[in-house]
Amino acid sequence: MPINQPSNQIKLTNVSLVRMKKGKKRYEIACYKNKVLEWRSGVEKDIDNVLQIQNVFINVSKGQVAPKADLDKSFDKMPLKKIIEHILEHGELQVGEKERHAELDRINHEVIDIVAGMVVDPTTKIVYTAGMIGKALDKLTTQSHQAGKPEAAEDEEDKGKEPAVAALPKWTGVTANKSAKKQALHAVKALVAHQPIPVMRARMKLKITCPAPILKHSVKSAPKVASSESAGDGPKVHVTVKETILSFVERVESEDVTDSMWIAHAFVEPGSFKPLSEFLAGKDTKNAGEVEVLDMAIKYEDE
């Protein structure tokens, strides 16, 4: 006996869902497995290889397509293609249990590798192995979960009381909805605050030199730099050589010009050393820039 389906129902199988809530409405798009993360990381450029169907649903499992009136209201009459791209980029990826564990495991390894390159033993100034960093973060995770139970029980009693001091950053483990870089930065803060192992944030002290006349030259293709200070400023139309050099730097201790040569003593994170060196030795500086390591691990008082 044939089953009559409403015309707005489309049956899809073997999908990964990306879900977004706008007000009281929930929207979903149906994607091929493993393609969402490839799209978000820039590996996959063709959206047709990501989507099973270019449409927005209110319930993929039931095949219920989102009404156009709801989409217009929720997304301010944005074109359907733009709505799909917005959900694909910013929505919450729904995955199966096995895929979720595999993804969390991948992110956890990436976070540990990043953290291992950002901290050192404060006494020896030697970096820790990834295994030691992993164990330290696991210890923090256990402590956070154990500390959370009594806190919940004391909520009613402590309600209305202001905390005596600001809470220290906690590490509760990795999550799938934040980048590994962002989570690694938070993990470093938690390690430094709680000291499950003796640790300090590593900074290299460098001597940077570059011909002064070149500093004001525009950079043809500025390298991408992860900078918390400039993250919200947006792309700059004109970036100079000096601005690009300083974008790698965490703090400048001193700078001067001697015999038409700009000399700066600065602190950088170890991960910035290689791209800075490559830029100084590149075409934008006419291969005239240099960088010298003065100390592999320095601790200074933040202003």
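For this structure, a couple of remarks:
- Candidate cross-link partners of Lys125 among the lysines, defined by an alpha-carbon separation under 17 Å and a same-chain spacing of 8 or more, comprise Lys205, Lys299.
- Ordering of 52-59, 211-218 by packing is 52-59, 211-218, highest average first (other Cβ atoms within 10 Å, averaged per residue).
- Amide proton proximity set for Val239, modelled H, under 5 Å, gap of 5+: Val219
- Measuring between alpha carbons in the structure, the pairs from Lys82/Lys242; Lys82/Lys182; Lys68/Lys98 lying more than 29 angstrom apart are Lys82/Lys242; Lys68/Lys98.
- Solvent exposure of the stretch 16-94 amounts to 58 Å² per residue of accessible area, where only protein heavy atoms count and the probe is 1.4 Å.
- For the stretch 16-94, the fraction of 1.4 Å probe accessible surface lying on carbon and sulfur atoms is 48 percent.
- The listed residues Asp70, Asp259 rank as Asp259, Asp70 when sorted by accessible area, largest first, using a 1.4 Å probe.
- For the set Ile263, Ile126, solvent exposure ranked by accessible area (probe 1.4 Å, protein chains only) runs largest to smallest as Ile126, Ile263.
- Listed residues Tyr128, Tyr27 arranged by accessible area, highest first, probe 1.4 Å: Tyr128, Tyr27
- In Hz, Karplus ³J(HN,Hα) per residue of the stretch 281-290 (6.51, -1.76, 1.60; θ = phi - 60°; x = Gly, Pro): 9, x, 5, 5, 9, 6, 6, 9, x, 9
The values are calculated or read from the model by the stated rules, or taken from the named source; none is laboratory data. Just so it is clear, the structure is predicted and the values come from calculations on it, not from any experiment. Glycine also receives a Cβ, built like all others from the backbone with ideal geometry; neighbour counts cover every protein chain displayed. Please note that ligands, DNA and RNA were not included when accessible areas were found on the heavy atoms of the full protein model with its side chains. Shrake-Rupley method; radii C 1.70, N 1.55, O 1.52, S 1.80 Å.
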